[in-house]
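Notes to accompany the following structure.
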Amino acid sequence: MKTTISTETQQDALAMAKATQKPGQTKEQTKLIAQGIEKGIAEYKKLQKAKARERDKQRKQQLRAKNQQASAAGEMDDGEDFSLPQTQFTPIAWAAIALLVLSWLGFGAYIFL
């Protein structure tokens, strides 16, 4: 399989080859050095993509294992838990309850006194 090398990579490789060019070096030699640099860059990119794929596979396996453990724990809890769901009152709800209680106490005091 022939890999295509981007023009940006080719330009970078040629710039590197020209930067390290020795006195008396011919253009053909510089081009050959640039081609070697291109191949090195392509190989590096290929290795990095393979490493990224492997990391992604491991991350997905960890997520699957975590999800399976969570679902297994959820299945065990579903059969044993028959209690009512717990509700949490917000401060606004507590304030409304307090006002309701105070109003009933006031109403009761008005009626009986």
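The values are calculated or read from the model by the stated rules, or taken from the named source; none is laboratory data. Remember, it's a predicted structure, so these values are computed and weren't measured experimentally. We place every Cβ from the backbone using ideal geometry, glycine too, and count neighbours over all the protein chains shown.
Couple of notes before you dig in:
- Test: Ile5 is outside any helix (DSSP H, G or I) and aliphatic (A, V, I, L, M): yes
- Within region 8-63, the residues that satisfy the criterion of being without any contact (Cβ under 8 Å) to a residue 24 or more places away in the chain, assigned to a helix (DSSP H, G or I) and of a type in the set (Ser, Thr, Tyr) are Thr30, Tyr44.
Every residue, every condition in (1) in contact with a His (Cβ under 9 Å, 6 or more places away or on another chain); (2) surrounded by 10 or more Cβ atoms within 10 Å (Cβ to Cβ); (3) of a type in the set (Gly, Ala, Ser); (4) at pLDDT 85 or above, yes or no:
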{"site": "Ile41", "(1), (2), (3), (4)": "no, yes, no, yes"}
{"site": "Lys45", "(1), (2), (3), (4)": "no, yes, no, yes"}
{"site": "Ala50", "(1), (2), (3), (4)": "no, yes, yes, yes"}
{"site": "Gln61", "(1), (2), (3), (4)": "no, yes, no, yes"}
{"site": "Leu84", "(1), (2), (3), (4)": "no, no, no, no"}
{"site": "Ala96", "(1), (2), (3), (4)": "no, yes, yes, yes"}
